[in-house]
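A short reminder: the numbers here are calculations on the coordinates, not readings from a lab. Here the structure is a predicted model, which is why all the values come from computation and not from measurement. Positions of Cβ are generated from backbone atoms using ideal geometry, with glycine treated the same way; all protein chains shown enter the neighbour counts.
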């Protein structure tokens, strides 16, 4: 399977666009085309590779890919100019100067920070672990109160300035959206029911971890909030969600009260939002918080690594439920730190505390 | 005759509903024409889009659930209900 964040037609167009003043984009696009060729080659079955060795360049030694695979980010930020047409116009490329537009520059910096967490802490090369370029579009729609991952890019609205300000104002939200891409290329959790709530939770977990990593906050210092600072002053609330205390992020006359449960006793059965994926994510979110606090120190180091091992370790099916995921995290903690380790015990206790069974 | 639109999901997971009582609108015939001209019996596309809004559109015994990304010809109705409709349950 060929997985590319940039449609091939766009790469072709950019690669041919030197004359229009897009040298950097053209270079980046040609680089991506070459990378895609390399990926295609790597995807060819081993026996065919053997057959082709005489025709193509020699297959690199196993370690040879490592340097190339942990490249820096290749970011391109676009503006939709307040339309809903994607991708929009390029406004900032890798190594380009700051634009002065907060939405553009926050998206650029936020994608860089998230890329850095995955690269420096988990040795992951971008979203797909093969140095996929990072694409973001800002100024999507008019007064658009949302941000999303569309399978190829992160998209951010400006907010309506009544309830929400611009979505790029929160680094945890940028990390959340990029992590949807990581999940798509790793565990591939379906966006529905418990698998969907897990998909959401994984995005929240690495969303808060990006903020903690950048700020250097330990488990005791962190806010554990998703989307702090996104509400206008008119809203009574701190953030969209809290991993520390799901259900307490806001309590507002207009929006109502944060409806997230923190344990299975509050599990919400609903047909809305693909089965309440943004509600029931509170339960695995809280389990991560409990495990991280029990382990102590910096959450991205041990607890984050266990969760990262879980989504990339191959133990999860796309339709995994909470119990499948919990069982996989305990297995990942045992593999990383040992079957009798305090880390494994902390993860096990966290799932028990939120009412999710771990299978033996 | 009532038409309702419930928007759920989105990054924030906030749910909002708007309802239009078509008979109380100044142009009820235009509303009836718009609503009855839509393919209520068709199958909704199945792709899921992380953090995009999900729209549940109801009229009479019909219900259509669509991602914001797949609204297509339903967008006119959704926009009009959001514009003209009454927010339900004291929501914004």
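Taking R0 as 60 Å, what's the FRET efficiency between residue B:29 and residue A:317 from their Cβ-Cβ distance, rounded to 0.05? Display every interim value, and only then the final one.
Numbers: r = 52 Å, r/R0 = 0.86.
For R0 = 60 Å, the calculated efficiency reads 0.70.
How long is the gain from residue A:143 to residue A:97 if the chain were fully straight, where each residue apart is worth 0.36 nm and the alpha carbon distance is subtracted?
Working: separation 46, 0.36 × 46 = 16.56 nm, distance 2.68 nm.
So the chain would gain 13.9 nm between residue A:143 and residue A:97.
Multiplying the sequence separation of residue A:81 and residue A:257 by 0.36 nm and subtracting their Cα-Cα distance, what value in nm do you get? It would help to have the intermediate numbers written out before the result.
Details: separation 176, 0.36 × 176 = 63.36 nm, distance 3.33 nm.
Here the segment from residue A:81 to residue A:257 would lengthen by 60.0 nm.
Could you tell me the distance between the Cα centroids of region B:1-55 and region A:230-268, to the nearest Å?
Taking the Cα centre of each part, region B:1-55 and region A:230-268 sit 26 Å apart.
Relative contact order of chain B: what whole-number percent is it, with Cα pairs under 8 angstrom and at least 6 residues apart?
On the way: 135 pairs, mean separation 35.6, N = 92.
Once divided by the residue count of chain B, the mean separation gives 39 percent.
For the residue pair residue B:38 and residue A:352, what label-to-label distance in nm results when each label sits 7 Å from Cα along the Cα-to-beta-carbon direction?
5.1
Exposure proxy check: B:59, A:149 ranked by fewest other beta carbons within 10 Å?
Numbers: B:59 20, A:149 24.
Taking fewest neighbouring Cβ atoms as first place, the list is B:59, A:149.
In nm, to one decimal, how far is the modelled label at residue A:89 from the one at residue A:301, with both set 7 Å along Cα→Cβ?
4.7
Between region A:67-145 and region A:314-334, how far is it from one alpha carbon centroid to the other, in angstrom?
30
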